[in-house]
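Accompanying notes for the structure given below.
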Amino acid sequence: MIFDLDGVITFTARVHAGAWKQMFDEFLKERSSQLHEPFREFTIGRDYLTYVDGKPRYDGVASFLASRNISIPYGSPSDPPSAKTVCGLGNWKDKLFNEKVEKDGVEVDHDVVRLVRELRARDVRVGVASSSRNVVPILQRAGIRDLFDEIVDGIVSERLQLRGKPEPDIFLACLAQLTHNPDPRKAGVAEDATVGVMAGHRGRFALVLGVDRTGSGALGKNGANWVIRDFSTITAEKITAFFREGARVA
């Protein structure tokens, strides 16, 4: 079973969203002032969920800027957060995110932790696949790094040149690390982002568990074959029953 991090294991998705909004609003206000154009704020409900959520950081920057017909140099991952490049804006957002985490800590979904422990007790191997480059420090800060057998994050993705979601590369790479006989028909993924459930579906995973905490209804329309609002009633028995019965488990 492979879990996404932000919004699934931890509630850092809201911290990411806040960092994206702060970065883009400041960038857009400065651009508006320089070009004497109306300021249009970056919204969580439309811009973040549509163009950024679940994607690799620089892909998210480029996607949103394209939606506003804004063209700036791509730059380099080594660009400082002050650089007005795609990579610079992405690094600015990452700086804001890490500052928020350092200040406020990491909030963990304890029902997910309970579920992971149950799965491990049944000898189910468990991994994390996320586009974030902060997976390991976040899990370490939360004290739960040892619960996960394998991790594929943004750093691994860059090294292996994996495509970002909605392509299934990071899930399949994590599965290949978890078992010598990687078969997505015997594995599941848990995701809260639309591009994430699309990736699970494209990867032909038997279980694509959509974590729809807001009740948007979008995950079931984009590839999730089991949608939940939270993990409070989800047990390892229900997960394994899904595979035994080959059907939706309510």
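The values are calculated or read from the model by the stated rules, or taken from the named source; none is laboratory data. Since the model is a prediction, treat every value here as computed from it, not as a measurement. Every residue, glycine among them, receives a Cβ derived from its backbone with ideal geometry; neighbour counts consider all protein chains shown.
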Pick from region 145-163, criterion touching a Ser or Thr at 6+ places or on another chain (Cβ under 9 Å) and in contact (Cβ under 8 Å) with a residue 24 or more places away in the chain, ranking: surrounded by the most Cβ atoms within 10 Å (Cβ to Cβ) | VAL152
Flagged in region 209-227 as small (Gly, Ala, Ser) and surrounded by 16 or more Cβ atoms within 10 Å (Cβ to Cβ), in numbering order, are GLY210, ALA218, GLY223, ALA224
Total residues in region 16-47, condition of a type outside the set (Gly, Ala, Ser) and under 12 Å from the mean Cα position of the chain (by Cα) = 1
Quickly run through region 228-237 and pick out the residues that are assigned to a helix (DSSP H, G or I) and either within 16 Å of the chain's Cα centre (by Cα) or surrounded by 14 or more Cβ atoms within 10 Å (Cβ to Cβ) (or both).
-> ALA236
The residue that is nearest to the chain's Cα centre (by Cα), considering only those in region 123-138 that are of a type in the set (D, E, K, R) and within 15 Å of THR179 (Cβ to Cβ), is ARG125
Flag if LYS55 is under 24 Å from THR12 (Cα atoms) and either without any contact (Cβ under 8 Å) to a residue 40 or more places away in the chain or of a type in the set (A, V, I, L, M, F, W, C) (or both) | no
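Going residue by residue through region 163-184, is there one that turns out to be within 16 Å of the chain's Cα centre (by Cα), of a type in the set (A, V, I, L, M) and not in a helix (DSSP H, G or I)?
No, there is no match, as no residue in region 163-184 is within 16 Å of the chain's Cα centre (by Cα), of a type in the set (A, V, I, L, M) and not in a helix (DSSP H, G or I).
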Near pairs, Cβ below 6 angstrom, 6+ apart or cross-chain, from region 73-86 (at pLDDT below 95) to any residue that is not small (Gly, Ala, Ser) = PRO77/CYS87
Filter region 131-144 down to the residues that are at pLDDT below 95 and in a loop (DSSP other than H, G, I, E, B), then identify the one that is surrounded by the most Cβ atoms within 10 Å (Cβ to Cβ).
-> SER131
Candidate set from region 12-40 (those that are small (Gly, Ala, Ser) and closer than 30 Å to PRO137 by Cβ); member that is surrounded by the fewest Cβ atoms within 10 Å (Cβ to Cβ) | GLY18
Quick count over region 188-227, residues being part of a helix (DSSP H, G or I) and touching a residue at least 12 places away in the same chain (Cβ under 8 Å), is 11
Which one of these is surrounded by fewer than 20 Cβ atoms within 10 Å (Cβ to Cβ), closer than 16 Å to SER130 by Cα and among the hydrophobic types (A, V, I, L, M, F, W, C): ALA176, ALA206?
-> ALA176
Scan region 2-30 for residues that are at pLDDT 95 or above and over 17 Å from VAL135 (Cα atoms) and report the count.
-> 11
